[in-house]
Amino acid sequence: MNFQFYVEKLFDSEEFQNFLKENKDAYPCGGFFVVDLENLKNPDNKNSIDYFSPSINKMFSFKFEKGVEKTPVENFGGKIPEKIKLNYNFEFEEIEDLIRKKMEEEQISKGIQKMLFSLQARENKCFLVGTVFISGMGILNLVIDLEERNIIEFSRKSFMDMISILKKQ
């Protein structure tokens, strides 16, 4: 999967063109991507790019599962989101390779089952914030700097860690 494929699909869609005509001030503010590596025959991949319209103070998500479908985002926290760039040209397989390399460095030998990424901006810089589910009920949390193409934050947790935290509450 290539990020630019989704950007082109978005810009080519009538749904998005109509949205831009009605919301001339709208700008891209995020994205969400699910890469299912466990169910290769019938993957549960989900992809969307989000736009914010300041004049109406609303966010919309454009989902790609069935063509391009516009969906209002009901609760975006009320905070005005930062603008993201859409000119990144990366493959999700390339991101997967980055993660596998980091897992090897950290001596994590489990297999990747599913990767969830949120594309977002912080201080005018774009990042992929990820949660990666690995075999053995493990979870990796990471942040990837898209300009540098490297992992700048990485942590590993197990599902059992999360259960013990819930029990303490």
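Kirkwood Rh over alpha-carbon pairs of the chain, then Stokes-Einstein at 25 °C and 0.890 mPa s: what D in µm² s⁻¹, rounded to an integer?
142
With a 10 Å Cβ neighbour count serving as the proxy for reagent exposure, in which order, fewest first, do D36, D44 appear?
D44, D36
Taking only Cα atoms and a 10 Å spring cutoff, compute GNM fluctuations for the chain and point out the largest among S55, S135, S118.
Maximum fluctuation in the GNM of the chain, among the listed residues, is at S55.
Please arrange I80, I112 by how many other C-beta atoms lie within 10 Å of their C-beta, fewest to most.
Lowest to highest Cβ neighbour count: I80, I112.
Which aspartates and glutamates, if any, have their Cα less than 17 Å from the Cα of K9, not counting same-chain residues under 8 positions apart?
Qualifying aspartates and glutamates at Cα under 17 Å: D50, E65, E69, E91.
Read the figures in this text as sums done on the coordinates, not as results from a lab. Note that this is a predicted model, so its numbers are computed, not measured. Positions of Cβ are backbone-derived with ideal geometry, glycine not excepted, and every protein chain shown enters the neighbour counts.
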